[in-house]
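Visitor: Below: one structure in structure tokens.
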Amino acid sequence: MSGILYFVPTPVGNLEDMTFRAVKVLKEVDYILCEDTRTSGFLLKHYEISKPLKSYHLHNEHQSTEKVIQDLENGQTIAIITDAGTPGISDPGYLLSKACADKNLEMICLPGATALIPALVVSGLPNNEFLFAGFLPQKKGRQTKLKQLADEKKTIVLYESPHKINTTLEQIKEFFGEETKVSLSREISKKFEETKRGTINELIEFSKNKTLKGEIVLIVNNSQVIDKEEEKSLSKNMYKFVK
């Protein structure tokens, strides 16, 4: 019988966000694929997990995937983790998922940490429908992507690094307009966790006057707005399916 590939989320900050099930799975697999063996080694040592680690990252995933598939076909059980968050979400993991799907191999993704959901929930912006756009293109295609997103009426979730945040906010203002509402969250679940909400101009001012550190999640909404009655209707529709 072939083995199972587990996608195991790891904390985006606070180590206590690791789930009991995630620890159990990592202790039981044959080996663990990780982005950076040093970073993952720290986490695994904290939870007394002693398993062989194999490097699997952006620069070697094409070459490594075939060997992982062979191991799965030979019955080994494997876990993939990244430095933080859920594998495959703006992190290595998609190619392996596709390869497993093509071979009809079993995959299980554990629920767990990811930066986008906490940031979206505390943004105060509509979250019944949202578009996760991840990181914007580095250079080529960046403006084209922003122009496309500017027409989107759903709330948009973006990831950004500290050294590009000022440029990104200015570009959002340029393409989305001055009425755009933004929520900026950083250092999620860490000691200096912070969320700033406001108009795009307020966020630009905030960012320029403060040196931001850590990974940043931007929640952006440029739909022209929601009066009290619409807000009630929106809230009701968010959980109507539960009844």
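The values are calculated or read from the model by the stated rules, or taken from the named source; none is laboratory data. Since we're looking at a predicted model, the values are computed, not measured. Neighbour counts run over all protein chains shown; Cβ positions are idealised from the backbone, glycine included.
Visitor: Of (1) at pLDDT below 95; (2) closer than 30 Å to E179 by Cβ, D91 satisfies all except one. Which?
Guide: Answer for D91: the failing condition is (2).
Visitor: Looking at the range 178-207, which of the residues that are more than 23 Å from T114 (Cβ to Cβ) and modelled with pLDDT under 95 is surrounded by the fewest Cβ atoms within 10 Å (Cβ to Cβ)?
Guide: So in the range 178-207, the residues more than 23 Å from T114 (Cβ to Cβ) come out as 178-180, 198-202, 204-207.
Cutting the leftovers down to modelled with pLDDT under 95 gives us 178-179.
On the way: E178: 10, E179: 13.
In this case the residue turns out to be E178.
To keep it simple, each residue is scored yes or no on (1) modelled with pLDDT under 95; (2) more than 26 Å from C34 (Cβ to Cβ).
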{"residue": "L96", "(1), (2)": "no, no"}
{"residue": "G112", "(1), (2)": "yes, no"}
{"residue": "L131", "(1), (2)": "no, yes"}
{"residue": "K139", "(1), (2)": "yes, yes"}
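Visitor: Go through L234, L149, L169 for me and flag whichever is assigned to a helix (DSSP H, G or I), among the aliphatic types (A, V, I, L, M), farther than 23 Å from P92 by Cα and modelled with pLDDT under 95. Steps first, please.
Guide: On the way: L149 fails: modelled with pLDDT under 95; L169 fails: modelled with pLDDT under 95.
From the options L234, L149, L169, the qualifying one is L234.
Visitor: Which members of the range 53-72 meet the condition of being more than 10 Å from A99 (Cβ to Cβ) and of a type in the set (A, V, I, L, M, F, W, C)?
Guide: L53, L58 - these are the residues of the range 53-72 that are more than 10 Å from A99 (Cβ to Cβ) and of a type in the set (A, V, I, L, M, F, W, C).
Visitor: Filter the range 84-122 for residues that are surrounded by fewer than 18 Cβ atoms within 10 Å (Cβ to Cβ) and charged (D, E, K, R); which is nearest to L218 (Cα to Cα)?
Guide: Result: K98.
Visitor: Could I ask something else about it? Mind checking which pairs have a first residue in the range 123-139 that is small (G, A, S) and a second that is part of a loop (DSSP other than H, G, I, E, B), Cβ under 6 Å, 6 or more apart or different chains?
Guide: G134/S90
Visitor: Is it the case that the range 79-94 has a residue that's assigned to a helix (DSSP H, G or I) and within 17 Å of the chain's Cα centre (by Cα)? Break it down into steps so the answer makes sense when it comes.
Guide: If we filter the range 79-94 for residues that are assigned to a helix (DSSP H, G or I), which is where we start, we get 94.
Now restrict to residues that are within 17 Å of the chain's Cα centre (by Cα): 94.
Yes, the range 79-94 has at least one match.
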